[in-house]
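Q: Have a look at this one.
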Amino acid sequence: MYCIQCEQTLVNNKVTGCQFKQGKCGKEAETADLQDLLIYMLEGIAQYAHRARSYGVIDDEADRFIPEAFFTTLTNVNFDASRFVKMIAQAAVIRDRLRTAYENAVQGKGDSPDMLAGAAVFVPEQSLEGLRAQAVEASIREEGVDPDVHGLRCLILYGLKGTAAYCEHAMVLGKTSPEIFAAFHEYLSFLADKPDDIATLFDVAMKVGDLNLKVMALLDEGGHERFGIPEPTVVRTTPVKGKAILVSGHDLVDLEKILIQTQGKGINVYTHGEMLPAHSYPALKKYSHLVGNYGTAWQNQQTEFAEFPGAILMTSNCLIDPNVGGYAKRIFTSGPVGWPGLVHISDKNFSPVIEAALAEKGFENDQVERTVTVGFGRHAVLGVADKVVDAVKQGAIKHFFLIGGCDGAAPGRNYYTEFAENTPDDTVMLTLGCGKYRFNQQAHGDIGGIPRLLDVGQCNDSYSAIQIAVALANAFECEVNDLPLTLIVSWFEQKAAAVLLTLLSLGIRNIHLGPSLPAYLTPNLINILVEKFDLKPTGDARQDIAAILKAS
Ligand code: SF4
Ligand code: SF3
């Protein structure tokens, strides 16, 4: 195995990248190899889909399969080797069908089809053993490749992975676009050609950022159409007496299904991790048995899930080993998620989750009520834009910080807590993603009625944060880079890589990125990003705040 896609990848003085029996996330070498093969097959599909599209050949299954399958390979999503064996076989069927359709269409026009090699003609074995023996051909690590080229290929691949995850979330909400599918095919096909020109690779990386912006706009639209516009909402963060189901991950549709299917059953539903912003949507908060949020970010789940006296549903990232906390029998997976031995629900019939919740004892007492407030998406924030603009003009608000992104287990992540705690009282913080749990339960006060901490939502809501920045820039008649706004981004997995590429593709400068920089970016590539975008690694929180405010 060789996997270098996330922030916690193995880095020591001998090696860079997880490459032994198991990755740091718990992914077995076998699963990592199968994921590489699946991505290789996706490249093969894309090679034909990209070419076939120009001849008017569209394969709906191929269009949808690419983001769906891609999502399963993100960090902390799917650890189940058997699911990958099936997806690789399905990919081969789709690719070969497209190949035939492409060749027929080309010949029908009297042209000659491109004779493709590599992923386009790779024949995967059917057995697990056979596939593992083939994995080396599909690895992103290749002998003799320039490290900068390797780094940029990784950046594009991981950016595409994150984009695919957001695309799958949008598809679940019924939102798709031919233009987006075509772009996936084009950029995956580009990777399949093993590009090595640095300038072109950079250019495509920026195009992936632009693609992700379009995908996130679609996702934003889908969420609003289905669940309404998020509104500021006080959410209980302590349990109430009764049977309980905990829903984690990002998939609001699965949460809605659980809420519908548990109506009248005497089960309370809690959100976990990235599901917290669900409480702000009118079509979800209307359910009185959606009682609150439980726990914190994903890396604490082995303790929090072990203590949760009910059933748990994991709808997307981030899942970690459920056997450690002894709750494997009462945790279930849906969508792209998988873990060997766990019950996976693929038809949205969550009866097994409900039965497991009823069999557990539930919370025996109400705990003392504590709350957080969520729901400051762009509509809520821009609804008070006049007030915000006045507060800036009168000097009551000196600066905005967007402190957003992932959480994780690295010790350096205390940076984000320290940063939030040390921002001056005349500054406002916007946040999104699961990184917010580092500071969302502290009291941050308000400025003339405007809360100093505004929770924009999930990482899926990055589009909303971008729109807030754009609207503020319009109000002040300046560019986003000229606003008194600094982005403090915490990354962990590939969704964050996609959002970072989006921000860079929009020309946003001076992003502070931590807790460490991606291990696949070489010093050369980092220098380019620093020169071009003034990208900064996070340092000491107090010193960073002082430097930002001095420069603004
Ligand atoms: Fe290592 Fe991260 Fe890959 Fe897991 S996802 S194997 S921790 S780089
Ligand atoms: Fe978190 Fe996994 Fe990235 Fe959606 S749940 S932000 S890490």
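The values are calculated or read from the model by the stated rules, or taken from the named source; none is laboratory data. Bear in mind the structure is a predicted one, so any value in this text is a computation, not a measurement. Because the Cβ atoms are built from the backbone with ideal geometry, glycine has one as well, and the counts that use them run over all protein chains shown. Quick note on the areas: whole protein, heavy atoms, side chains included, nothing else; ligands and nucleic acids left out. Shrake-Rupley method; radii C 1.70, N 1.55, O 1.52, S 1.80 Å.
Q: Out of all the residues in segment 162-174, which are crowded, with 17+ Cβ neighbours inside 10 Å and either out of contact with any His (no Cβ under 9 Å at 6 or more places or on another chain) or closer than 19 Å to W491 by Cα (or both)? Can you show your working first?
A: Residues of segment 162-174 crowded, with 17+ Cβ neighbours inside 10 Å: 162-173.
Selection gives G162, T163, A164, A165, Y166, C167, E168, A170, M171, V172, L173.
Q: Read through the list (1) free of Cβ contacts under 8 Å to residues at least 40 places away in the same chain; (2) of a type in the set (A, V, I, L, M, F, W, C); (3) surrounded by fewer than 17 Cβ atoms within 10 Å (Cβ to Cβ), then give the number of the only condition that F190 fails.
A: Here F190 meets the rest and fails (3).
Q: For segment 467-493, what are the residues that are more than 22 Å from E7 (Cβ to Cβ), among the hydrophobic types (A, V, I, L, M, F, W, C) and touching a residue at least 24 places away in the same chain (Cβ under 8 Å)?
A: Matches in segment 467-493: I468, A469, A471, L472, A475, F476, V480, L483, L485.
Q: Would you check which residues across segment 78-95 are surrounded by fewer than 18 Cβ atoms within 10 Å (Cβ to Cβ) and either more than 27 Å from M1 (Cα to Cα) or in contact (Cβ under 8 Å) with a residue 60 or more places away in the chain (or both) and list them? Write out each step before concluding.
A: If we filter segment 78-95 for residues that are surrounded by fewer than 18 Cβ atoms within 10 Å (Cβ to Cβ), which is where we start, we get 82, 86, 89-90, 92-93.
S82, the sole residue that qualifies.
Q: Condition check: surrounded by 16 or more Cβ atoms within 10 Å (Cβ to Cβ), within 14 Å of ligand 2 (Cβ to nearest atom) and of a type in the set (S, T, Y). Does T296 satisfy that? Even if it seems obvious, please write down each step before you answer.
A: Working: surrounded by 16 or more Cβ atoms within 10 Å (Cβ to Cβ): yes; within 14 Å of ligand 2 (Cβ to nearest atom): yes; of a type in the set (S, T, Y): yes.
When the stated conditions are applied, T296 passes them.
Q: Related question: Quick check on segment 11-27. Is at least one of its residues within 16 Å of ligand 1 (Cβ to nearest atom), in a helix (DSSP H, G or I) and open to solvent by 20 Å² or more (accessible area, probe 1.4 Å)? Full working, then the answer.
A: From segment 11-27, those within 16 Å of ligand 1 (Cβ to nearest atom) are 11-12, 14-27; that's our starting set.
From what is left, the residues that are in a helix (DSSP H, G or I) are none.
No, segment 11-27 contains no residue that is within 16 Å of ligand 1 (Cβ to nearest atom), in a helix (DSSP H, G or I) and open to solvent by 20 Å² or more (accessible area, probe 1.4 Å).
Q: Any residue at all in segment 358-365 that's part of a loop (DSSP other than H, G, I, E, B) and acidic (D, E)?
A: Going through segment 358-365, the residues part of a loop (DSSP other than H, G, I, E, B) turn out to be 360-362, 364-365.
Adding the requirement that they be acidic (D, E) leaves 360, 364.
The answer is yes, given that some residue of segment 358-365 is part of a loop (DSSP other than H, G, I, E, B) and acidic (D, E).
Q: Which residues, taken from segment 28-56, are open to solvent by 30 Å² or more (accessible area, probe 1.4 Å), under 23 Å from D114 (Cβ atoms), out of contact with any Asp or Glu (no Cβ under 7 Å at 6 or more places or on another chain) and of a type outside the set (S, T, N, Q)? Working first, answer last.
A: Just the residues of segment 28-56 that are open to solvent by 30 Å² or more (accessible area, probe 1.4 Å), to begin with: 28, 30, 50-51, 53-56.
From the residues that got through so far, the ones that are under 23 Å from D114 (Cβ atoms) too are 50-51, 53-56.
So of that shortlist, the ones also out of contact with any Asp or Glu (no Cβ under 7 Å at 6 or more places or on another chain) come out as 53-56.
Across segment 28-56, the qualifying residues are R53, Y55, G56.
Q: Answer yes if at least one residue in segment 103-115 is in contact with an Asp or Glu (Cβ under 8 Å, 6 or more places away or on another chain), over 21 Å from A409 (Cβ atoms), away from ligand 2 (no atom under 16 Å from the Cβ) and not in a helix (DSSP H, G or I), and no otherwise.
A: Yes, some residue in segment 103-115 is in contact with an Asp or Glu (Cβ under 8 Å, 6 or more places away or on another chain), over 21 Å from A409 (Cβ atoms), away from ligand 2 (no atom under 16 Å from the Cβ) and not in a helix (DSSP H, G or I).
Q: Out of curiosity, is T100 among the polar types (S, T, N, Q) and open to solvent by less than 60 Å² (accessible area, probe 1.4 Å)? If you could, list the steps in order and put the result at the bottom.
A: On the way: among the polar types (S, T, N, Q): yes; open to solvent by less than 60 Å² (accessible area, probe 1.4 Å): no.
Considered against the rule, which asks whether it is among the polar types (S, T, N, Q) and open to solvent by less than 60 Å² (accessible area, probe 1.4 Å), T100 comes out as no.
Q: Where in segment 473-552 are there helices (runs of 4 or more DSSP H), lying fully within it, with 1 or more residues that are within 16 Å of ligand 1 (Cβ to nearest atom) and open to solvent by less than 10 Å² (accessible area, probe 1.4 Å)? Explain how you work it out, then say what you get.
A: Numbers: elements: 494-505, 523-533, 541-551.
Correct list: 494-505.
Q: Does segment 168-184 hold any residues that are part of a helix (DSSP H, G or I) and under 18 Å from L213 (Cβ atoms), and which are they? Outline the logic, then answer.
A: From segment 168-184, those part of a helix (DSSP H, G or I) are 168-172, 178-184; that's our starting set.
E168, H169, A170, M171, P178, E179, I180, F181, A182, A183, F184, listed by residue number.
Residue-wise test of (1) within 30 Å of N78 (Cα to Cα); (2) among the polar types (S, T, N, Q).
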| residue | (1), (2) |
| --- | --- |
| M429 | no, no |
| F439 | yes, no |
| S464 | yes, yes |
| V530 | no, no |
| K536 | no, no |
| G539 | no, no |
| D544 | no, no |
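Q: Okay, next question. Might you check whether a residue that is in the same structural domain as I331 (by TED's automatic domain parsing), away from ligand 1 (no atom under 16 Å from the Cβ) and part of a strand (DSSP E or B) occurs anywhere in segment 271-284?
A: yes
Condition check ((1) aromatic (F, W, Y); (2) open to solvent by 10 Å² or more (accessible area, probe 1.4 Å); (3) away from ligand 2 (no atom under 16 Å from the Cβ); (4) out of contact with any Pro (no Cβ under 6 Å at 6 or more places or on another chain)) across all residues:
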residue: P232; (1), (2), (3), (4): no, yes, yes, yes
residue: V240; (1), (2), (3), (4): no, yes, yes, yes
residue: S248; (1), (2), (3), (4): no, no, no, yes
residue: L252; (1), (2), (3), (4): no, yes, no, yes
residue: L259; (1), (2), (3), (4): no, no, yes, yes
residue: N268; (1), (2), (3), (4): no, yes, yes, yes
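Q: Here's another thing I want to ask about it. Out of all the residues in segment 339-386, which are open to solvent by less than 50 Å² (accessible area, probe 1.4 Å), more than 30 Å from A465 (Cβ to Cβ) and within 22 Å of the chain's Cα centre (by Cα)?
A: Across segment 339-386, the qualifying residues are W339, I345.
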